[in-house]
Each structure stands twice: as structure tokens, then as C-alpha cells.
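Report on one structure; see the data block that follows.
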Amino acid sequence: GFGVGKTTLAWKVFNHPYVMDHFHLRAWCSVSQEYEKRRLLLEILTGIHGLTEEIRQMRDEDLQDKLRKLLLKNKYLVVMDDVWGIGAWNDLKNSFPDNANGSRILFTSRLHRVASEIKQDSPPLSLSLFSQEESWQLLEKKVFKEECCPNELQRVGKEIAYHCQGLPLALS
């Protein structure tokens, strides 16, 4: 679903010190509904190698080849955020060598079907909405930190949490 924190969670994983140490190369690309293969390749290459004029001038096929060669002997993590269809994966999958060295590609998608199609042998992790009680607990923690919410604000606080409809981003 929309707004449950998929991108935020993926970003926290991507930037976690353990993950940064574990993978030799890391790259992030934002796919979205309207994507261009070239833009995605350039985004990934920029994250891994930096964007040089030589890379900017390359044809798409050469960009894919360059990416594959850069990734080949390294343990890499590539995040493909906000994937709407299998097309983006089909366009890029040949760029990602499967060298059985622990490299990973992490996808986020609001569409369960897309996640299932991309990786049939690995069930997608679904993030769910917060319950009303969880929403209230998060809001209280965000607003009052270690303190408890004063009694006179509890009713209105719980009402605000209710109107966020379980979406963590609406609360943070």
C-alpha cells in the first residue's frame, strides 16, 4: 500500500553502517511509474562509480555492459525503489551478474503482484498499516519523547492518530 514506509525502511537499510560495510558497492535508483531505462542505468552507475562525461555519452547497451563489468567481481546492493511493473526489472536484470557472492537487489513496490513476479522463489515482505493503538503509541512517542502525554491531550491525540488511518508517514 501507499505510505506504509517501504522507501523509508529501504533507505534505512541502505544507509545502515553494517550494510555499508558488508557490500563493496551500493546504488539506489527511483523507478516510479514512468521510468526510462537510461535514467535508471545512469542513476545506478552514478551511485557505484560516479558520473563521468564518458559514461554520460555512452549508448544504453554500453551503459549496461559497463554496469555489469563494474559489479562482476564485487558484492553489491542495488535498491530499486517504487517499482510499478515488471518492465523495469526486465530492462535491467541482465546488468546484474549473479556471481553467488552475496550480492542483493532490493525492490520496493506498492503492488504485491510485481514483487511476486520479480522474485518467484522469495515471498515479498509486506508492510502493514498500524492499528489505532500502534498509531497512538507512535504519535505519543514522537511528540512527547520519553514523557507521557498529559491527560488533557490524550483524547485529541488519539483522534489525530485515528485520522492518520494507520499510515506511519502521516504520524512521523
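So if the hydrodynamic radius of the chain is defined as the Kirkwood radius over C-alpha pairs, what does Stokes-Einstein give as its diffusion coefficient at 25 °C and 0.890 mPa s, in µm² per second?
The calculation lands on 134 µm²/s.
Could you work out how far helix 37-49 tilts from the main Cα principal axis of the chain, as a 0 to 90 degree angle to the nearest 10?
For helix 37-49, the angle is close to 90 degrees.
Which one of GLU152, GLU61, GLU34 has the biggest mean-square fluctuation once the chain is modelled by GNM with Cα springs under 10 Å?
GLU152
Which of VAL143, SER116, SER128 sits closest to the plus end of the dipole of region 108-148, meaning its Cα is farthest towards the positive end, when Lys and Arg get +1 and Asp and Glu get -1 on the C-beta?
Towards the positive end, the residue furthest out is SER116.
Residues with beta-carbon under 12 Å from that of PHE107, excluding PHE107: net charge, scoring Lys, Arg +1 and Asp, Glu -1?
Summing Lys and Arg as +1 and Asp and Glu as -1 gives +2.
May I ask you to derive the relative contact order of region 76-157, considering only C-alpha pairs under 8 Å and at least 6 residues apart, and to give it as an integer percent?
Answer for region 76-157 is 28 percent.
Checking the table LYS12/LYS75; LYS12/LYS142; LYS12/LYS37; LYS12/LYS158; LYS12/LYS66 against a 22 Å threshold on Cα-Cα, which pairs fail?
LYS12/LYS37; LYS12/LYS158; LYS12/LYS66
In what sequence do ARG26, ARG56 fall when counting other Cβ within 10 Å, fewest first?
Fewest to most other Cβ atoms nearby, the residues stand as ARG56, ARG26.
Between the DSSP loop rule and a limit of at most 13 other Cβ atoms within 10 Å, which chymotrypsin sites (Phe, Trp or Tyr not before Pro) in region 1-45 are left?
Of the chymotrypsin sites (Phe, Trp or Tyr not before Pro), the ones in loops of region 1-45 whose Cβ has at most 13 other Cβ atoms within 10 Å are PHE2.
Read-outs throughout are calculated quantities, based only on the coordinates presented, and are distinct from any laboratory measurement. Please read these numbers as outputs of a predicted model, since none were measured by experiment. When we count neighbours, we look across all protein chains shown, and the Cβ atoms used for this are built from the backbone with ideal geometry, even at glycine.
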